[in-house]
Amino acid sequence: MSSLDGLRGDVLVVGGGPAGLAAAIALSMQGLSVAVADARQPPIDSACGEGILPAGIEALRKLGIPLTCSDGFALRGIRFVEGAHSVDAPFPAALGMGIRRTRLHQLLTSRAAEVGVDLLWGTNIAPLSDLSGFGWIVAADGRQSSMRRAARLEGGLTLSRRFGSRRHYRVAPWTDMVEVHWGACGQMYITPIAPDEIGVALLTRDSHLRIDAALAGFPVLRRRLANAECTSSDRGSNTDTRRLSRVFRDRTALIGDASGSVDAIAGEGLSLAFLQALALAPAIVAGDLRAYQATHRRLARRPLIMANLLLLLDRLSGFRPLIWRGLALEPSLLSRVLAIYTPA
């Protein structure tokens, strides 16, 4: 395990996942000397949906990572499915993309190295580590952030808590949309990530439920996947909606899930992290994190509302058929709602 002995710089980013690497890239592009420390080795995978909304695609472009069709699978929108009901919500102006998390991490890592970020893989940062060699600390170490606790930034509310798990199948996507299948146990997300591969994610309130058992409640999906080869093992984690009172204190700023989170049902996590990175870098350059706090709160507002609406829909199982029928009569309504609640 490496250490930080003797290292100095403008910014230390603790956590080398997508949020941390995006922050490091944005900061380095502003002319700062940046190091990223993570105890893991790349490419880093995690249990998550792998769709990026159009706003996230544009944020990656601004970070110098223009995604192409060879990186993943272009997504035209989101489709909600329950039984015989199906409602499409095309993205209004641009395409999203489904991309394997390990591929995304490779692209972010390569870009970080290209702009001069010092990548310290295999480096564990303990809460009491001496970080005095760096002017600013960016905590990007996830939902259970030890750096957040060390900075005394734990104050806030946890509004929901569910469980998610994910695996991949070797099968040609049958749609160019993310499909969200609704059932009694929760939701199953189908995200095309390549011409011959999809990601399947389960979101549920039952922490013991796993994908194989859940498929019994989604007969259409079960038939589609019956003979498909699994191309990854299951990965699972909690998915929370959590709002923090503050996302900075003194010279420490929080980003990504360390700065609060939105239930994965909203599909906003990656896009939010990239937009936060673009907001954090100029605030650190200006030496005033109050602007970042304000922008962070604004960016989170609409995804939080969208997540809360969808979680309410999750609870109102008896009313969902009526809602789907109503949306089917006005197909553009859901697209307009998604456009309103997509971060920009």
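Each value in this text was obtained by applying a stated rule to the coordinates, not by laboratory testing. None of these values were measured; they are calculated from a predicted model. When we count neighbours, we look across all protein chains shown, and the Cβ atoms used for this are built from the backbone with ideal geometry, even at glycine.
Things worth noting here:
- Segments 22-30, 292-300, 176-184 sorted - mean Cβ within 10 Å per residue, highest first: 22-30, 176-184, 292-300
- Summarising the label geometry, the points placed 7 Å from Cα in the beta-carbon direction at R297 and D212 lie 4.8 nm from one another.
- Residue by residue, the range 184-192 carries 3J(HN,Hα) couplings of 5, 8, x, 10, 10, 9, 10, 10, x Hz when phi is fed to the Karplus relation 6.51 cos²θ - 1.76 cosθ + 1.60 (θ = phi - 60°); x denotes Gly or Pro.
- Relative to the longest principal axis of the Cα atoms of the chain, the long axis of helix 269-286 lies at roughly 20 degrees.
- Residues whose amide H lies under 5 Å from that of A253, counting only those 5 or more places away or on a different chain, are I137, V138, A139; hydrogens are built 1.01 Å from N in the peptide plane.
- Positive-end residue of N124, G96, Y169, charge dipole of the range 23-180 with Cβ unit charges: Y169
- Taking a sphere under 12 Å around the Cβ of L159 and counting the other residues whose Cβ falls inside, with K and R at +1 and D and E at -1, yields a net charge of +2.
- The range 104-139 and the range 309-326: distance between their alpha carbon centers, rounded to Å: 43
- Relative to the dominant Cα principal axis of the chain, helix 331-340 is inclined by about 10°.
- Normalised by 2.2 N^0.38 Å, where N is the number of residues, the C-alpha radius of gyration of the range 247-306 stands at 1.08.
- The chain - charge dipole about Cα centre, Lys and Arg +1 at Cβ, Asp and Glu -1, debye rounded to 20: 820
- Spread of Cα-to-Cα distances over 10 Å intervals beginning at zero, given as percent, for the chain: 6, 26, 34, 23, 9, 2, 0
- Along principal axes, Cα extents of the range 57-203, largest first, whole Å: 59, 37, 30
- Cα pair count fraction exceeding 23 Å, expressed as % - the range 162-303: 45
- Amide H contacts under 5 Å for M177, placed H, 5+ residues apart: R76
- Charge sum, other residues only, whose C-beta stays under 13 Å from T123's C-beta, Lys/Arg counted +1 and Asp/Glu -1: -3
- Taking the longest Cα principal axis of the chain as reference, the axis of helix 320-329 is set at about 90 degrees.
- At R0 = 22 Å, FRET efficiency that the Cβ-Cβ distance of R325 and A184 yields, to 0.05: 0.70
- In nm, spacing of pseudo-spin labels at R205 and D250 (7 Å Cα→C-beta vector): 4.1
- Lys, Arg +1 and Asp, Glu -1 on Cβ, resulting dipole of the range 21-153 about Cα centre, debye, nearest 20: 160
- Charge tally in the Cβ shell below 13 Å around A294, where Lys, Arg are +1 and Asp, Glu are -1, A294 excluded: +4
- Integer Hz, Karplus 6.51/-1.76/1.60 couplings in order for the range 38-45, x for Gly and Pro: 8, 6, 8, 10, x, x, 8, 9
- Rounded to the nearest 20 debye, the dipole magnitude of the range 143-191 is 380 debye, with +1 charges on Lys and Arg beta carbons, -1 on Asp and Glu beta carbons, and the Cα centre as origin.
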